[in-house]
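Reading through the structure tokens given below for one structure.
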Amino acid sequence: MKRFSVCFIALVSFAGLSRAQTPQSAAAPSAPRALANNDATYVKLRNIRVGEDTIPVKDFTLRRDAGTFLFKSGTFYLLEPVNGRITGAVFLGDAAFTLTPPIEVERRYLSILTKGQPFEEQFSGAVFRFTDGTDEELRKASTKSSAPASGDANGLLNDIRNQLRKKLRDNLDARLLEDVLSSRRGGKFEAFIKGRKYSDKMIYDVDPQGTLKPEEVALIIWDENRFGVWSAFHYSREYADGTANSDEQNGPFAIPHQKLDVTIEKSAKLNGTAVTTVAALQDGVRVLGLDLFPTLRVQSVTGEGGQPLSFIQEDKNEDPAFSVILPKELKKGELCIITTKYEGKDAISNEGGGNYYPIARSSWYPGLGFGSYGTYDMTFHIPKGMKIAATGRRLKEVDEGGENLTEWTTDVPQAVAGFNFGKFKREEGKPLKQAYLLETYVNPEPPDIVTSIQLAANGTGLEGNRMSGAALGTMSTVSLMKKAMAEAQLAIDIYTDYFGEAPYKRLAMTQQTAFNFGQSWPGLVYLPITYFFDSTVRHQLHMDDPHGYFKVVGPHEIAHQWWGHMVGFNSYRDQWMSEGFAEMSASIFIQYVYREHGLDDYHKFWADERHLMTERNKEGNRAVDVGPVTLGYRLQNARSGFDIPRRLIYPKGGYILQMVRFMLWESRAQDPDARFKAMMHDFTKTYANRPGSTEDFKAILEKYMVRDMDIDGNQKMDWFFNQYVYGTDYPTYKFEHSFSNDANGDVVLNMKITQSDVSPKFAMPVPVYLELSNGRVARLGTERLVGNTTVEEHVPLKGLKEKPKRALLAYYDDVLGNIENH
Ligand SMILES: [Zn+2]
């Protein structure tokens, strides 16, 4: 199921204006789509109806993983067979569905949604689609007696079919075709339940390819008021036998290489040829489901030797997923190459003044979406006078005829390929220490939205003067080009020292027309145009920046070269690492670069992070309370608020790595971060150019953990992960202290620390610091606190004759929580 896509690698601002919506333009021109949507088996699935067979049942129980259906009474209407196989049934009668997830995190989350009740839904109608032989089980359950329940089985089937096409925009027929055309037995089971209590728009899906990838089982409700993934997990047996893992690759095939040749016209229309290498990961692969932006319309697909292949791509406004039907099945390990010709508008938006906004950032070519690592050879043709910055290494650039032609290649597998282009001005530079090519790209001409703001501000715009009166100063982005270059120079050196060498050796800092977010692709950063405006202009745009967004966005996006790209993520459960580690990296950047006022900017950064997590949103929730970071973008729903992931996985993910840094901190070492750096280098080296999971990170950390961290005495960090990664604890600390002198004249620290608002087993080694009379801050040690508790200590500070200015907890913002230093 591709309806829940969550990859961002973006840093979204809460401030100010959002970018204008681009209007949908007219449909793509008609073209030779002769082999589109007309495979005979596909057409049968697409138009399937209820068949002749009915199966009456009574008190029949059907189990699919952690979900149990109880059909008290009623009738199954089997759908017509397709190639001799039954792929679905409609049920009418009286039934119930219960779900008990196999893991605690999911049981807890589901129970929040049901307000503490066990999950049970009553229903009188449901549509089942399957390739797992469910019909055999139904036949065995037949009571052979009672008369069919009354009701309109075809009506219900049509209702679900319409919802799939028009609301969910999910081509389930194409997914079923993969199994129907395969000699391998399928394992798909999807129930559309017309529930009475929670929702009549409920889906229970079990898919061996992963439904919320890579997790195979999910419960989804998609009506507006309760929208969300209520539960998702791996097969229960994978938890039982210890193989459940978010690194799991259960898709039927991989794409190790793509050769892309793309022409982009001045109007932003894109015309592409993709030569895609497919490698089967299992036997019986016949239909290839690919990710391609809906308005990019496929003209033709050919196999090796140029034979035309049948393909699926329905209306761009309905369920337009792209699939290719191979002439014969692939065996596990077998490779094949397909060539797709496609074109369309609206994948890129022409924003005026030679500014272009790439909308389809990971789906401008047919692939497996963000995070599926592969190598790329790319050729771009863009209008003459424009410049393009793409992912990978530039091999060639020529201006010939009416176009600018560039060729690009990759040295290592990438999570995604992409580009940014326009009437750019380019500057080059390099970091002080690293062998890197750095580039900045800005467009001296403003996009239409900025021009219209200027006109409005000057009182000549058609909409009149919406702005604050004074005419806006220059909104040229060129003068702040230097800032982007300087940030890249510094960040590359700092991050290489802390995290190890990133593989790309090239970074382009580019301007995009969006006002409120940045994004990072391998070797390519998209910065919001507002990044290049000075604070006067931002003020006039009502984009004042009390929480330091513009200080953080550059260093955050550059850090994604390590987090999200060098080390990727395969599952939404691990996205907190990509965003959180990028945030934490930005704090290291701030610590080293913004030193004008000591650590003031650094402390402000972490205060802003706490503010994000603990401020109530308009739905009344604090992000820290809503759920753990491993639920990622699933935490956004109508009830919790759609801003929860941004308020949680970024700052709390950052804090988790921040706490790790300071637990590994060796205050007396020449480089107190040496141990932390060694661990991070190990992590990036081990997981370079592929995904790394939360559990992978935990295992590396356990190699480097020190005695203070071994709370359970088993060389494991479970206590920490259970509290902060899989849990929702947000402790409060009260710290009171005084100084006295003992008989020897030594200064004694008398302190009282209270830990509260935590679960009984919550444990934390809390660092205590002294601010000495000369202003230096030194770590005294850590106090281990367990549960809601208060400890009092009298610590002689041997050899210290002069009283310190003060003592304090968590000076480096190195413990997540509400810290009250008195
Ligand atoms: Zn990010």
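The values are calculated or read from the model by the stated rules, or taken from the named source; none is laboratory data. No experiment lies behind these values; they were computed from the predicted model shown. FYI the Cβ positions are ideal-geometry reconstructions off the backbone, even for glycines, and counts take in every protein chain you see. Surface areas here come from the heavy atoms of the whole protein model, side chains and all, with no ligands, DNA or RNA. Shrake-Rupley method; radii C 1.70, N 1.55, O 1.52, S 1.80 Å.
Numbers for the structure displayed
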| quantity | calculated |
| --- | --- |
| Elements of type strands (runs of 3 or more DSSP E) in the range 295-363, at least 3 residues being at pLDDT 95 or above, on the phi < 0 side of the Ramachandran plot and more than 26 Å from the chain's Cα centre (by Cα) | 297-302, 310-312, 322-330, 335-344 |
| Close pairs from the range 804-822: first touching a residue at least 12 places away in the same chain (Cβ under 8 Å), partner open to solvent by 10 Å² or more (accessible area, probe 1.4 Å) and charged (D, E, K, R), Cβ under 7 Å, at least 6 apart | P804/E771; K805/E771; R806/E771; L808/E771; E820/K734; H822/E736 |
| Filtered residue count, the range 317-331, keeping only those that are under 13 Å from A279 (Cβ atoms) and loosely packed, with under 14 Cβ neighbours inside 10 Å | 1 |
| Candidates Q658, Q670, filtered to the one that is modelled with pLDDT of 95 or more and open to solvent by 10 Å² or more (accessible area, probe 1.4 Å) | Q670 |
| Residue among T406, T375 that alone is under 30 Å from F253 (Cβ atoms), open to solvent by 10 Å² or more (accessible area, probe 1.4 Å) and in a strand (DSSP E or B) | T375 |
| Scan of the range 87-98 for residues that are closer than 30 Å to G632 by Cβ and open to solvent by less than 10 Å² (accessible area, probe 1.4 Å), ordered by number | F97 |
| Filter result (away from the ligand (no atom under 16 Å from the Cβ), within 18 Å of K433 (Cα to Cα), open to solvent by less than 10 Å² (accessible area, probe 1.4 Å) and aromatic (F, W, Y)) within the range 497-515 | Y498 |
| Selection count, the range 645-676, where residues are in contact with a strand residue (DSSP E or B) (Cβ under 8 Å, 6 or more places away or on another chain) and either free of Cβ contacts under 8 Å to residues at least 40 places away in the same chain or of a type outside the set (F, W, Y) (or both) | 3 |
| Criterion violated by D534 - all others in (1) farther than 14 Å from F419 by Cβ; (2) open to solvent by less than 10 Å² (accessible area, probe 1.4 Å) satisfied | (2) |
| From G67, G51, G84, G74, residue being within 18 Å of G187 (Cβ to Cβ) and either small (G, A, S) or buried (at least 19 other Cβ atoms within 10 Å of the Cβ) (or both) | G67 |
| Selection from the range 525-535 of residues that are within 17 Å of I359 (Cα to Cα) and either of a type in the set (D, E, K, R) or more than 14 Å from the ligand (Cβ to nearest atom) (or both) | I529 |
| Filter result (part of a loop (DSSP other than H, G, I, E, B) and among the small types (G, A, S)) within the range 379-401 | G385, G392, G401 |
| Those strands (runs of 3 or more DSSP E) lying entirely in the range 190-266 with at least 3 residues open to solvent by 30 Å² or more (accessible area, probe 1.4 Å) | 253-264 |
| Conditions (1) open to solvent by 10 Å² or more (accessible area, probe 1.4 Å); (2) on the phi > 0 side of the Ramachandran plot; (3) at pLDDT 95 or above; number of the one not met by R573 | (2) |
| Check on T732, open to solvent by 30 Å² or more (accessible area, probe 1.4 Å) and touching a Gly at 6+ places or on another chain (Cβ under 7 Å) | no |
| Failed item, numbered, when V105 is tested on (1) modelled with pLDDT of 95 or more; (2) open to solvent by less than 30 Å² (accessible area, probe 1.4 Å) | (1) |
| Evaluation of H611 against (1) under 23 Å from the mean Cα position of the chain (by Cα); (2) surrounded by 23 or more Cβ atoms within 10 Å (Cβ to Cβ); (3) more than 14 Å from the ligand (Cβ to nearest atom); (4) not hydroxyl-bearing (S, T, Y) (one fails), failing number | (2) |
| Of the criteria (1) outside any loop (DSSP other than H, G, I, E, B); (2) closer than 23 Å to V412 by Cβ; (3) away from the ligand (no atom under 12 Å from the Cβ), which one M481 fails | (2) |
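Here is a yes/no grid of residues against (1) at pLDDT below 95; (2) surrounded by 14 or more Cβ atoms within 10 Å (Cβ to Cβ):
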position	(1), (2)
N714	no, no
F721	no, yes
A743	yes, no
I753	no, yes
L797	yes, yes
Y812	no, yes
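Results for (1) of a type in the set (D, E, K, R); (2) modelled with pLDDT of 95 or more; (3) within 16 Å of the ligand (Cβ to nearest atom), shown as yes or no for each residue.
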| residue | (1), (2), (3) |
| --- | --- |
| A491 | no, yes, yes |
| Y495 | no, yes, yes |
| F517 | no, no, yes |
| P522 | no, yes, yes |
| Q540 | no, no, no |
| K551 | yes, no, yes |
| W563 | no, yes, yes |
| S587 | no, yes, yes |
| D600 | yes, yes, no |
